[in-house]
Structures are given as structure tokens and as C-alpha cells.
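What follows draws every value from the coordinates through simple rules; no lab data is involved. The structure displayed is predicted, hence computed values, not measured ones. Ideal geometry is used to build each Cβ from the backbone, glycine not excepted, and the neighbour counts take in all protein chains shown.
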Amino acid sequence: MKKWQRWGVIVMVLGLVGVGWYLWTKDRQKNEAFREEPVAEQKTAEESREKGKWKFGVMADIHNDTKNLEKALELAKNEEVKFVILAGDLTNLGKREELAAIKAVLEKSEIPVRVVPGNHDWWWSRKFKDNLWREFFGEDYYIWRTNGIKFLMIDNGNWQGIGEEQMAWLKKEAGECRVVKCVAVAHMPLNHAFSEHIMGEESTPAAKEASEILRIFRENNIKDLLAGHLHYSGSYEEGGVRTYLAGAITGERNTQTSRMSLVEVSGENIEVRVVELEEKE
């Protein structure tokens, strides 16, 4: 082999080595970057979840105690809640002056509020065939959406049950909960391990409706129910549905201290914390 041919072979070999080195280095850098991406994405996701945490308040069974309601709303404001849910029994009898007094306190606080009626709120309207609730607070059952959650605001304050119209509405709206995070709100809990003070306690048809509502919840992935009525706070799970009892705002006929619940939401997870208005002496 001539001298110039040998140099040609050497140059070609060195060229191939150089190309190989370049490709290997580039591929290594690419792989290292690929391995680093999930870490960066994970960190971003964690930061996003942290920033995405938010709170709302749940109150129930005010029973005309405007003083404690004002105190609870102030506590909620200090906790920087986005809104407050009132889960029924704002009044004792649902009279015009009672509803007006509660609404005045809510408007003064300037905190966004969503409400459902309780059995006490319907007493006057049922007796006199009136509908004062809608005059002051609008629809008694409805849906609303905020921060990626669909709230099913159910009116089960009537001891006779929710009726065919509301049941048909619930069945229709519940279907979306298979793909959207839903939280249900009602005054009366639908079941309880030992208390009979639940929906249907005075009516067999209403008790059957409560069972039907639980079936709808289970079939449509509705796992959380916010309620009141029992005048004490707590949570329990039966049949795949967890019920959170808010406790009572009223200082009378209360087996516990006057209290409310704070709900912290992170993604589709919720955590509930009890906040007492004051300690019992």
C-alpha cells in the first residue's frame, strides 16, 4: 500500500471515530435530559398542587343566632376561605323577619355564600303555602361550579322528601360526576350508624328516597356529602359515601361548642377541620 493510501485510511478511521464520538455524546446528553424532565415536571406538579390548595367554610343550624353567625363569618374571613356554604336551618321557623335578619348578616360580611334550606326554614312556608325561601335566597336546589368542583345543592328540608321533580334533576346532574369531581350538600344526612335523626326519620317514603339518593351517589362516583341537622360535628363513611357533619352555629340546643367546618381542597382530595367559636365554660 502506498504512503498516500495509508494516510487516507488513517484519516477515514479517525473521521469515523469522531463521528461516533459525536453521536454517542449527543445521544448521552439527550438521555440525560430525558431523565431529568420527569423530575422537573414532578417538581412543577407539586408546586402547582401546593398553589392549588384552597379553602371554604361549612356552617349549619344557625337557628337565628346572628351573633354567633357573625363570629363564624369573621373566623372564616380570617382563614381566607373562598366562600361559605350554609347547610340549612338558618332560622327556627322560616318567618320573613328571621330570613331577613340572616340575609342582612350575610350581606354585611361580604363573603360569597351558597345556601340550602333545612327543615326549620320550610316550616312557615309549608304551613301557609308560601315560598319565602325563594324570595330571599333563590332556588332551593341547584348546581354550581367553582375551582373544578361541581356542587350538588340538594333541598331535603321537607320531612316528606325531595319529590319526583328534584329526584329527576339529581339523576340527570349526577351523571356528569363520573368524570367531574362532585360534592353534595344537604341539610339532613342520608344515613347514620346509630342516630335516627336523618332524612326519612318521620316518613317512610322519604327514607326510601334517602336510600335512592345514596344509590345515585355510589353509581356516579359522588363520594362526599356535607350536611348538618344533628347539631354535632363528625364524619363517617357508609356504602362508599363519606358524610361530613358541620356541627351547629347556634349556642342553644347544642351538645357541643358552637362550631363550623373548614374544608381544604387539593385537587380532588378534601380535608375537613373543625373550628370552635368559643370554649364551653
Roughly how many Å is it from the Cα centre of region 174-229 to that of region 236-256, as a whole number?
14
Of the convex hull drawn through the C-alpha atoms of region 55-276, the volume per residue in Å³ is 111
Please give me the summed charge of the neighbours of W144: other residues whose Cβ is under 9 Å from its Cβ, Lys and Arg +1, Asp and Glu -1.
+3
Per residue, the convex hull volume that the Cα atoms of region 196-266 enclose (Å³)
95
Under the rule of at least 5 residues apart or a separate chain, name every residue whose amide H is placed under 5 Å from the amide H of D224.
A184, R242
For the E252, K82 Cβ pair and Förster radius 25 Å, calculated FRET efficiency rounded to 0.05 is 0.25
If we count every other residue with Cβ under 9 angstrom of T243's Cβ, Lys/Arg +1 and Asp/Glu -1, where does the sum land?
-2
Output the pairs from K77/K103; K53/K223; K55/K77; K129/K171; K108/K223 with a Cα-Cα distance over 22 Å in this structure; if there are none, say none.
K129/K171; K108/K223
When you have a sec, figure out the Kirkwood radius of region 195-236 from all distinct Cα pair distances and drop it here in Å to one decimal?
11.5
With r as the distance between the Cβ atoms of R273 and Q160 and R0 = 25 Å, compute the FRET efficiency 1/(1 + (r/R0)^6) and round to 0.05.
0.10
